[in-house]
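Accompanying notes for the structure given below.
Just so you know, all these numbers are worked out from the coordinates, no wet-lab data involved. What you are looking at is a predicted structure, and each value in this text was computed from that prediction instead of being measured. Heads up, the Cβs are rebuilt from the backbone with ideal geometry, glycines too, and the neighbour counts pull from every protein chain shown.
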């Protein structure tokens, strides 16, 4: 599987899914969420995988939510991202395998929602959790 915004690897019984946009603090765009859906569904379907580790590249952030500076975000794209988010919510919650989130740095906005969907979150002292939505006129999207 070829991905642009994430990295997916299987090592023994562990699948690791890494948000790989550290220059954007791992902010997601629609493509990122679509790739996450494919990766979580692949891990669920792989009988050799027993656990999924979900993390973000770099030291500064697990994920800061949606990329509000993404120039490709047309009105139609903004509507579509909600449907993709619903698919991702289902891919995570109905996965059937434990999903462990490894947080370094910021875990805010939609990133906070992603970690809440999973089974267990592990964070060091650099972890910063919260919702930025009220400051930018947004609300939780996926039952976070």
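Observations, loosely collected:
- Of all DSSP-defined beta bridges confined to region 6-136, some 25% are antiparallel rather than parallel.
- Counting only alpha carbon atoms, the long axis of helix 30-45 and the longest principal axis of the chain meet at about 20°.
- With each label modelled as a point 7 angstrom along the Cα→C-beta vector, the residue 119-residue 38 pair spans 2.5 nm.
- Take every Cα pair under 8 Å whose residues are at least 6 apart in sequence, average their separation, divide by the length of region 1-105, and the relative contact order is 33 percent.
- Inter-site label distance for residue 78 and residue 46 at 7 Å from Cα along Cβ, in nm: 3.7 nm
- Helix-only mean residue ellipticity at 222 nm for the chain, each DSSP H run of n ≥ 4 adding -39500 (n - 2.57), per residue, nearest 500: -10000 deg cm²/dmol
- Of interest is the spacing of the C-alpha centroids, which for region 1-42 and region 62-131 amounts to 11 Å.
- Hull shadow area, averaged, region 47-123 [alpha-carbon convex hull, nm²]: 5.9 nm²
- Each residue of the chain gets 104 Å³ once the volume of the Cα convex hull is shared out per residue.
- Global form of region 1-85, assessed from the alpha-carbon gyration tensor, a/c cut-off 1.5: oblate
- FRET efficiency for residue 14 and residue 128, using Cβ-Cβ distance with R0 set to 25 Å, rounded to 0.05: 0.45
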